[in-house]
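Have a look at the structure below, then the notes.
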Amino acid sequence: MESCQQVLQQGMQELAITVDDDKLQLLLAFIKLIEKWNKAYNLTAVRNRDEMARLHILDSLTVLHFIKGSRVADIGTGAGLPGIPLAVFLPDIEFTLVDSNSKKTRFVQQAVLELQLKNVTVLHTRVEDIKLEDNFSTVITRAFASLQDIMQLTHHLLNRNGVLLAMKGQQSRQELATMTVPYSIIPLNVPGVEGKRCLIQIERFVDNG
């Protein structure tokens, strides 16, 4: 894991993220868990540890500074991305990781237990079936659906001042042309990854009466 550790340390330095050894060891343990469970559960097409560090962990952490409020939902979390890396760095924020794939939520629940993350809840359900007493301050998605679908499926989860964060690859003009609410496009530079990434930040589109 030495090479993997160097990838993470250098990447987080480029992202201006301060990391102590405890957090670093949690991230490395998470990568080991993905690698172990991947053989049976097909969690990700990425097999190389260093690539997992770049394409999963560092990619997730590019949005660290955009998380808002005290309650965050990660919709379509898959193998726990970006939710688990973010929860490691934001222990005072409550994360709810949601996915409809039972194998993936089973893995995420096991990862939460093994990493002893006290601020993470895992839900095996469809996003449209989630019912809450307290809504979220941030809803984040990573490669989940089109922007319009994301907005339609998640609007009931956000509080009045909540923000929707959609992690995307290169954004198509056609998709953005359908937007009817204000949004911001924030370029994301993932250390060691050439492909273009961006964050679509959408605020003030929730009306809770």
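The values are calculated or read from the model by the stated rules, or taken from the named source; none is laboratory data. Note that the structure is predicted; figures quoted are calculated from it, not measured. Here the Cβ is made from the backbone with ideal geometry for all residues, glycine too, and neighbour counts use every protein chain on show.
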Can you name the residue in the range 152-166 that is surrounded by 21 or more Cβ atoms within 10 Å (Cβ to Cβ) and out of contact with any helix residue (DSSP H, G or I) (no Cβ under 7 Å at 6 or more places or on another chain) and is also nearest to TYR183 (Cα to Cα) among such residues? VAL163
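Matching residues to (1) of a type in the set (Lys, Arg); (2) at pLDDT 90 or above:
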{"site": "ARG126", "(1), (2)": "yes, yes"}
{"site": "GLU133", "(1), (2)": "no, no"}
{"site": "PHE136", "(1), (2)": "no, yes"}
{"site": "ALA145", "(1), (2)": "no, no"}
{"site": "LEU165", "(1), (2)": "no, yes"}
{"site": "GLY169", "(1), (2)": "no, no"}
{"site": "ILE202", "(1), (2)": "no, yes"}
{"site": "GLY209", "(1), (2)": "no, no"}
For PHE95, state whether it is in contact with a strand residue (DSSP E or B) (Cβ under 7 Å, 6 or more places away or on another chain) and surrounded by 23 or more Cβ atoms within 10 Å (Cβ to Cβ). yes
Please return the ranges of helices (runs of 4 or more DSSP H) entirely within the range 94-209 where 1 or more residues are within 16 Å of the chain's Cα centre (by Cα). 102-115, 147-154
Does VAL46 fit the bill of being crowded, with 17+ Cβ neighbours inside 10 Å, hydrophobic (A, V, I, L, M, F, W, C), closer than 28 Å to LEU147 by Cα and free of Cβ contacts under 8 Å to residues at least 24 places away in the same chain? yes
Just give me the residues in the range 126-144 being closer than 12 Å to THR77 by Cα and either surrounded by 17 or more Cβ atoms within 10 Å (Cβ to Cβ) or touching a helix residue (DSSP H, G or I) at 6+ places or on another chain (Cβ under 9 Å) (or both), in sequence order. ARG126, VAL127, VAL139, ILE140, THR141, ARG142, PHE144
Would the range 78-89 turn up any residue that is out of contact with any Leu (no Cβ under 8 Å at 6 or more places or on another chain) and either under 26 Å from ARG160 (Cβ atoms) or among the hydrophobic types (A, V, I, L, M, F, W, C) (or both)? yes
Qualifying positions in the range 22-78 - in contact with a strand residue (DSSP E or B) (Cβ under 8 Å, 6 or more places away or on another chain), assigned to a helix (DSSP H, G or I) and over 24 Å from GLN6 (Cβ atoms): PHE66
